[in-house]
Structures are given as C-alpha cells and as structure tokens.
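Worksheet: one structure, shown below.
The values are calculated or read from the model by the stated rules, or taken from the named source; none is laboratory data. Model, not experiment: these values are computed from the prediction. We place every Cβ from the backbone using ideal geometry, glycine too, and count neighbours over all the protein chains shown.
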Amino acid sequence: MRNRTVKLNKFVLVALLAVSIFAAVGCGKRGAPVPPKERVSQRAELAGFQRGNQVILSWQMPARNAPAGNVQHIARIDVYRLAEPADAPLQLSTEQFADRSTLITTIPVTAADFGLKTLQYRDTLLFATQSARLRYALRYVNEAGQKAAFSNALVIEPAAKVASALRLPFPASQRRTQSS
C-alpha cells in the first residue's frame with residue numbers, strides 16, 4: 001500500500017511540474033502590446049430601387065482602405081447585372097450568377113471614397129415589351145485584379161411603363177390673376 005502511495009505522489013508531482021512548465025513557457029509574448037490589425041471589409045451590402053427608367057444602386061464603403069500593395073487594398077468596384085425572364089427560378093447560386101452575369105461598369109476608387117461613405121451607381125434601363133427580372137451584385141477588386149466575393153444580390157423586377165408626373169390644377173388662391 002505504501003509503495004502505491006509513493007507512486008501516486010510521484011505521479012502528482014510530475015504532473016504539477018509539467019503543468020507549471022507549460023504555464024511558464026506559454027504565458028504571453030515578450031514585448032510591448034500590439035493593437036489588433038484592422039481588416040478591410042471585402043464585401044459590400046448592396047441596396048437599390050427603381051426611379052423612372054433607372055435602377056439606383058447604393059452601398060456603404062469600408063471605414064478605411066488597406067495600404068497600397070496590400071492584397072486587401074480596394075482599387076476599383078466592378079458592378080454586374082443579370083437580366084432574365086420574370087418567370088425564371090428565384091434560386092441562383094453564386095457560380096451561376098458569375099457565369100451568366102455581365103460586367104456593366106467599373107468604378108475607380110480613391111481615398112476620398114472611404115470613411116463609411118455611401119456610393120451610388122445609376123443603371124439606365126432600356127425597356128422591352130417583355131417583363132424581366134434584374135439581379136445586381138458588385139465586387140471589390142485590388143490593384144492586381146484579384147476579385148473579392150460578390151456582394152449580396154439585389155433582385156428587381158422593373159416596371160415596364162413608368163407613370164408620368166401627375167399634374168394637378170392650382171387652387172384658386174394660387175392662380176395668377178389677369179388685370180384687364
């Protein structure tokens with residue numbers, strides 16, 4: 001029994017010694033503390049609506065851009081559109097969108113575009129007689145041409161005919177009086 005107690009004590013002693021060595025060796029890094037590196041958001045949240053014969057897209061830019069030469073540095077924004085029949089299936093994978101969509105514009109980015117500013121792009125529609133569904137998405141692109149992931153997809157079924165402005169007659173109090 002005594003031999004068993006001695007072995008148990010040795011085991012506990014060795015285990016405590018091992019834990020204390022691991023705690024001493026792995027306890028923090030030497031040097032001054034360094035703030036965490038900020039990552040530049042590489043995905044935009046796209047919003048939009050139709051006004052007349054235009055679809056107005058908008059998104060918020062990141063707070064800041066990565067330094068030039070960094071893989072996360074945003075040099076331009078590519079805007080994509082996919083036009084499909086209104087009765088096409090609603091489900092569409094990112095790969096299908098990438099294969100079937102068209103790059104409609106490239107927007108160069110400057111340092112003044114950051115700081116959580118909202119940017120806009122206006123897509124002028126040429127209406128056809130068929131109803132259609134439009135899907136939009138955008139991608140940030142770095143200086144080397146590497147593209148980030150697509151933003152969310154914005155789906156719009158534009159009105160084929162846009163109502164003209166309503167003209168109301170002026171009330172009598174606002175009509176011009178003619179002098180005779």
Discussion item. Report every pair of residues separated by at least 6 positions or lying on different chains whose Cβ atoms are under 8 Å apart, first residue within the stretch 95-109 and within 11 Å of Arg135 (Cβ to Cβ) and touching a residue at least 24 places away in the same chain (Cβ under 8 Å), second basic (Lys, Arg) and surrounded by 13 or more Cβ atoms within 10 Å (Cβ to Cβ).
Written reply: Phe97/Arg135; Ser101/Arg81; Ser101/Arg135
Item to complete: Hey, could you check the stretch 118-149 for residues that are in a loop (DSSP other than H, G, I, E, B) and of a type in the set (Ser, Thr, Tyr) and say which is surrounded by the most Cβ atoms within 10 Å (Cβ to Cβ)?
Response: Ser131
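Can you report the number of residues in the stretch 76-87 which are surrounded by 17 or more Cβ atoms within 10 Å (Cβ to Cβ) and modelled with pLDDT under 95?
Applying the first criterion (surrounded by 17 or more Cβ atoms within 10 Å (Cβ to Cβ)) to the stretch 76-87 yields 77-82.
Filter once more, so that each one left must be modelled with pLDDT under 95: none.
Total satisfying the criteria: 0.
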Worksheet entry | Some residue of the stretch 97-106 being surrounded by 11 or more Cβ atoms within 10 Å (Cβ to Cβ), over 19 Å from Arg43 (Cα atoms) and at pLDDT 95 or above | yes
Discussion item. So Ile104 passes all but one of these: (1) under 16 Å from the mean Cα position of the chain (by Cα); (2) of a type in the set (A, V, I, L, M, F, W, C); (3) under 22 Å from Gly48 (Cβ atoms). Which condition number does it fail?
Written reply: (1)
Discussion item. One residue is enough: does the stretch 48-61 have a residue meeting the conditions surrounded by 10 or more Cβ atoms within 10 Å (Cβ to Cβ), under 24 Å from Arg122 (Cβ atoms), modelled with pLDDT under 95 and among the hydroxyl-bearing types (Ser, Thr, Tyr)?
Written reply: no
Worksheet, complete the sentence: Flagged in the stretch 127-145 as of a type outside the set (Gly, Ala, Ser), more than 16 Å from Leu57 (Cα to Cα) and in contact (Cβ under 8 Å) with a residue 60 or more places away in the chain, in numbering order, are Phe127, Val141, Asn142, Glu143
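Every residue in the stretch 76-96 that is over 15 Å from the mean Cα position of the chain (by Cα) and either closer than 15 Å to Lys147 by Cα or assigned to a strand (DSSP E or B) (or both), please.
Pass one, the stretch 76-96, residues over 15 Å from the mean Cα position of the chain (by Cα): 81-93, 95-96.
Result: Arg81, Leu82, Ala83, Glu84, Pro85, Glu95.
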Practice prompt. Determine the pairs where a residue that is touching a residue at least 24 places away in the same chain (Cβ under 8 Å), located within the stretch 51-64, has a partner that is crowded, with 16+ Cβ neighbours inside 10 Å and basic (Lys, Arg) with Cβ atoms under 9 Å apart, the partner being 6 or more residues away or on another chain.
Written response: Val55/Arg81
